[in-house]
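All remarks here apply to the structure that follows.
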Amino acid sequence: MASLLRPPYEILKQRLQAGTDPTLLSAVRRIHREIGLGGFWQGLSAQMARDIPYAMGTLLVYELLHQAASQKKKARGAGGGGGGGSSSTGGAELPVLTPLENGAIGAIAGGFGSFVTNPMDVVKTRMMVTDRTGLGWWATVLSIANDEGAAAFWKGCAPRLL
């Protein structure tokens, strides 16, 4: 659902950041005038091709790391076990991780998701910013690969990870 609601915000934000439109109102007017209402959902397919794998990868890595950290903490005999906040896996009580531990695991998982989906983020951004109406995400992928090479799919990866 978020992928369906996010494109208008993303398109407007990216146009303002890229300097293609000086104000939010001018960007809205230009998109509506030049492309129509559908222009606010330009790049939706690429948005979904990025968001779905991102969510899946991030949640998978988070759960795997969380369970591994909890089991390691249990093996060391640290905290948890008693009541309210512990998680259970297979009937065995696992210790609760601290907010710092959870935050670190979340950051690693988010970094993983961002890294593996960066190519689709580049495709999505190109579709949204360059007014490639009618050019689907696969045609955009081929255009980027042919014009700029594979390295282009990793543009912006470092800031995205930060």
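The values are calculated or read from the model by the stated rules, or taken from the named source; none is laboratory data. No experiment lies behind these values; they were computed from the predicted model shown. Backbone-built Cβ (ideal geometry, glycine too); neighbour counts: all protein chains shown. Side chains are part of the model used for accessible areas, which takes the heavy atoms of the whole protein and leaves out ligands, DNA and RNA. Shrake-Rupley method; radii C 1.70, N 1.55, O 1.52, S 1.80 Å.
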Check on Ala49, modelled with pLDDT under 90, part of a helix (DSSP H, G or I) and touching a Phe, Trp or Tyr at 6+ places or on another chain (Cβ under 8 Å): yes
Of all residues making up the range 99-144, the number that are hydroxyl-bearing (Ser, Thr, Tyr), in a helix (DSSP H, G or I) and open to solvent by 20 Å² or more (accessible area, probe 1.4 Å): 2
Candidates Glu34, Glu63, Glu10, filtered to the one that is more than 25 Å from Asn118 (Cα to Cα) and either touching a Cys at 6+ places or on another chain (Cβ under 7 Å) or not hydrophobic (A, V, I, L, M, F, W, C) (or both): Glu34
Number of the exception - Val28 against (1) modelled with pLDDT of 90 or more; (2) touching an Asp or Glu at 6+ places or on another chain (Cβ under 7 Å); (3) within 30 Å of Phe153 (Cβ to Cβ): (2)
Extreme residue, most open to solvent (accessible area, probe 1.4 Å), among residues of the range 1-19 that are modelled with pLDDT under 85 and within 24 Å of Ala139 (Cβ to Cβ): Ala18
Sole exception among (1) over 20 Å from the mean Cα position of the chain (by Cα); (2) assigned to a helix (DSSP H, G or I); (3) modelled with pLDDT under 90 for Asp147, by number: (3)
Counted residues, the range 20-62 - those being among the hydrophobic types (A, V, I, L, M, F, W, C), open to solvent by less than 70 Å² (accessible area, probe 1.4 Å) and farther than 17 Å from Val122 by Cβ: 7
